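One structure is given below, represented as structure tokens, and several questions about it will come after.
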Amino acid sequence: MSDIATNLAEIKARIGGACERAGRDPASVQLIAVSKTFPADDVREALEAGHDVFGESRLQEAEAKIDLLPSSLHWHFIGRVQRNKVRKILQRFEMIHAIDSLRLAVYADEVASEIGLFPKVFLQINIGGEESKGGFEPDAIRSEIETLLSLQRLEVMGLMCIPPAVKKAEDSRPWFMALRELRDELENNIGVPLPSLSMGMSGDFEIAVEEGATHVRVGSSIFGKRAYRVDGELA
């Protein structure tokens with residue numbers, strides 16, 4: 001068994017353990033293997049180990065891998081979405097994790113209409129109110145959620161966040177709780193389900209699962225350490 005296969009098995013076992021502690025079905029959590037900066041051959045190893053859901057954050061790098069790999073793979077775009085790349089991102093990825101403003105959502109909806117797609121998206125929440133991170137402020141999402149849900153093409157799956165950096169995984173728990181509670185509040189106020197929460201990375205995914213994550217983004221714990229940072233994060 002390769003290192004990647006071994007790591008995948010360990011991560012899935014840890015997800016299962018977190019689900020057991022939270023009284024959840026492990027099938028309710030989707031592991032996204034974050035392959036950004038890693039070569040297509042590493043993705044193939046993960047695929048051979050039975051995993052077929054991958055996350056990328058840079059369009060050009062992702063396109064090269066997508067073209068080299070089987071069409072059966074499922075690709076999630078987890079990075080910042082630039083307006084001039086929206087069209088290609090919508091065409092290449094089945095799920096987008098970082099719609100971070102109403103302006104971007106409206107534009108993506110218009111493009112999706114032009115090309116005949118119904119993209120699944122997460123709304124990124126700046127849960128810690130950090131100037132260095134994008135996303136909707138909680139008060140903004142409260143006032144804009146109905147407009148976002150009225151868009152004809154975007155299928156809003158739920159909320160996404162990258163919490164403030166912490167010294168230990170447990171310290172992330174309040175941020176994950178805050179996102180879940182915000183989601184629950186929005187559901188109660190608007191009467192529309194927002195079933196998914198994209199939160200948790202290599203250092204804290206078990207805490208995120210315990211607090212309700214449905215999608216966790218894990219890269220370095222599967223593929224190994226990156227030599228440099230990408231988009232400000234080592235996921």
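How many of the residues in the stretch 184-202 are over 18 Å from Leu149 (Cα atoms) and assigned to a helix (DSSP H, G or I)?
Summing the residues that are over 18 Å from Leu149 (Cα atoms) and assigned to a helix (DSSP H, G or I) in the stretch 184-202 gives 0.
Could you check the stretch 49-83 and list, in sequence order, the residues that are among the polar types (S, T, N, Q) and within 16 Å of Arg217 (Cβ to Cβ)?
If the condition is that a residue be among the polar types (S, T, N, Q) and within 16 Å of Arg217 (Cβ to Cβ), then Ser57 is the only one that fits.
Look at the stretch 181-196 and say how many of its residues are free of Cβ contacts under 8 Å to residues at least 40 places away in the same chain, surrounded by 15 or more Cβ atoms within 10 Å (Cβ to Cβ) and more than 14 Å from Ala213 (Cβ to Cβ).
Looking only at that region, the number is 1.
How many residues does the stretch 11-24 hold that are part of a helix (DSSP H, G or I) and in contact (Cβ under 8 Å) with a residue 12 or more places away in the chain?
9
Continuing with this model, one more query. In this structure, is Val216 touching a residue at least 40 places away in the same chain (Cβ under 8 Å), in contact with a Leu (Cβ under 7 Å, 6 or more places away or on another chain) and under 24 Å from Thr37 (Cα atoms)?
Criteria met by Val216.
When Glu206 is evaluated against the numbered criteria (1) charged (D, E, K, R); (2) in a loop (DSSP other than H, G, I, E, B); (3) modelled with pLDDT of 95 or more, which criterion, by number, is the only one it fails?
The failed condition is (2).
Further question: Within the bounds of the stretch 96-111, is there any residue that is aliphatic (A, V, I, L, M) and closer than 22 Å to Ser220 by Cα?
Taking every residue of the stretch 96-111 in turn, at least one turns out to be aliphatic (A, V, I, L, M) and closer than 22 Å to Ser220 by Cα.
Would you mind stating whether Ala178 is hydrophobic (A, V, I, L, M, F, W, C) and free of Cβ contacts under 8 Å to residues at least 40 places away in the same chain?
Criteria not met by Ala178.
The values are calculated or read from the model by the stated rules, or taken from the named source; none is laboratory data. Every value quoted in this text rests on a predicted model; they were computed, and no experiment measured them. Cβ coordinates were reconstructed from backbone atoms using ideal geometry, including for glycine residues, and neighbour counts include every protein chain displayed.
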